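Presented below is the structure to which this report refers.
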Amino acid sequence: MSDAKPIQERTLAEQGAATSEGIAALFAEVRARFDREAAQLTAGDLAAWTALRNSWLGRSSGVINAIGDNWLKPAPPEQKRVVGKLLNELKAHVESTLEELRARAEAAGAAGAAASSGADLSLPGLRRALGTRHPICQTLEELERIFLSIGFSVVEGPEIETPYYNFEALNIPEHHPARDTMDTFYLSLPKGSPELLLRTHTSPMQIHTMERQQPPVRIIVPGRCYRRDNPDSTHSFAFHQIEGLAVDTDITFCEFKGTVEYFVREFLGPKTRTRLRPSYFPFTEPSAEVDASCFACDGKGCRICKHAGWIKLFGSGMVDPAVYGFVNYDAKRISGFAFGMGVERMAMMRYGISDIQLLYQNDVRFLRQFV
Ligand SMILES: [Zn+2]
């Protein structure tokens, strides 16, 4: 060819295209050239895609603009409609093809980046399971709710205690046999340091609270406790307890019994009956074990209550006046009651759990049942 200029740089007249067919043939030639160039594009090569777009749709040097300038503008009026229509069709084809190629190039680029980073985008996503409250937590909260609703407040204290607060001030002197049932862990400290231990009950907070404030006192003390027990289906070296204490100038055994009965009905259901059995605790006098009628058989006797019809709930009693001596309360003027319940025991009874160890194993198949 004598003329080196590409066809979009020359007018239609220069190329001798005077008929609609001639014009359409020129457009077809340009379109075929675009399709060839697009087909050569390497997937994922965004730089090559940008170059292709600029060479066809660029404002100053793009082929489409050049056709507008050199074919459409100088065309005689009778050709303008045909040229304009074919130009619009060509432009729409170029734009849609480029858009398709861009989406493909971006996807290929992302896959390439993922492949080089070792990530597999075809793997299903990670789902973060929402946690739920542990049955011990649920039980603790339920117990707290009941006592808060009848005027008790929640007090928490340290898990490390001195023997004085854990034993002596609770009327359990050294060499008292009650200490045998509450053997615990002592901290190994440098020689000459005061002795420290892991509390065997949350009862020390009774003393701390009474030291700090004058009656009336109505508190519950939830928390973790420790004893040197070998793990079995009802024992653990760490467990949870809620201790309760009510001290005022006019608290009678009747109020104690009423509070206990109210609690049992709230926790186990309105039909539950309560029974007090004489018992012994160093810091209460008189002391009582609180039993509830079996929730499973309603007192008729079954496997859960070992055919007794009753289930032991917790220990309690009227505060031994000797305890008031340790906190400078006037034992002649005031009286009160105390109780201490194992949270695990209450949870096991409520949910029908037969082995305390299940509560500590963090097996989601077990925990899921209490959602
Ligand atoms: Zn029963």
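With Cα atoms defining each centre, segment 10-74 and segment 201-242 are spaced 87 Å apart in the structure.
Partnerless cysteines in the chain, where a partner means another cysteine C-beta under 4.7 angstrom, comprise CYS137, CYS225, CYS254. Taking each DSSP H run with n ≥ 4 as -39500 (n - 2.57) and averaging over every residue of the chain yields -12000 deg cm²/dmol at 222 nm.
On a 0 to 90° scale, report how tilted helix 253-268 is relative to the longest principal axis of the chain, with both axes built from alpha carbons and the result rounded to the nearest 10. Once rounded, the angle reads 30 degrees. Taking Cα atoms, how many degrees apart are the long axis of helix 77-117 and the longest axis of the chain, rounded to 10 and kept between 0 and 90? Taking the Cα atoms of the chain, the angle to 77-117 is about 40 degrees. Taking the Cα centre of segment 7-117 as origin and assigning +1 to Lys and Arg Cβ atoms and -1 to Asp and Glu Cβ atoms, the resulting dipole is close to 200 debye. Here segment 135-370 is assigned +1 on the Cβ of each Lys and Arg and -1 on the Cβ of each Asp and Glu. Its dipole about the Cα centre then comes out at about 760 debye.
I need the calculated FRET efficiency for the pair GLU174 and HIS134, taking r as the beta carbon distance and R₀ as 45 Å, to the nearest 0.05.
Details: r = 37 Å, r/R0 = 0.82.
Plugging the Cβ-Cβ distance into 1/(1 + (r/R0)^6) gives 0.75.
Computed 3J(HN,Hα) for segment 189-199, one whole-Hz value per residue from the Karplus formula 6.51 cos²θ - 1.76 cosθ + 1.60 where θ = phi - 60°, is 10, x, 3, x, 6, x, 5, 10, 9, 7, 4, glycine and proline marked x.
For THR284, the residues whose amide H sits under 5 Å from its own are ASP320, ignoring neighbours fewer than 5 places away on the same chain, with H placed 1.01 Å from N.
So which trypsin sites (Lys or Arg not before Pro) in segment 223-279 are both in a DSSP loop and have at most 10 other Cβ atoms within 10 Å of their Cβ?
Working: sites: ARG224, ARG227, ARG228, LYS257, ARG265, LYS271, ARG273, ARG275; in loops: ARG227, ARG228, LYS271, ARG273.
Those that pass, being in a loop and sparsely packed, are LYS271.
For the chain, the longest principal axis of the alpha carbon atoms and the long axis of helix 135-148 meet at an angle near 60°. Between ALA51 and ALA92, the C-beta separation translates, for a Förster distance of 25 Å, into a calculated FRET efficiency of about 0.75. Near ILE251, the amide H atoms lying under 5 Å from its own belong to SER335; only residues 5 or more places off or on other chains count, and H is placed 1.01 Å from N. Ranking HIS208, HIS134, THR272 by how far each Cα lies toward the positive end of the dipole of the chain (charges on Cβ) leaves THR272 at the top.
Counting other Cβ atoms within 10 Å, keep those with at most 10, restrict to DSSP loop, and tell me which trypsin sites (Lys or Arg not before Pro) in segment 79-132 are left. If you can, show how the numbers build up before the last one.
Numbers: sites: LYS80, ARG81, LYS85, LYS91, ARG102, ARG104, ARG127, ARG128; in loops: ARG127, ARG128.
Here the trypsin sites (Lys or Arg not before Pro) that fit, given the DSSP loop and packing criteria, are ARG127, ARG128.
No value in this document is a laboratory result; all are computed from the given coordinates. Remember, it's a predicted structure, so these values are computed and weren't measured experimentally. All Cβ positions, even for glycine, are placed from backbone atoms using ideal geometry, and neighbour counts span all protein chains on display.
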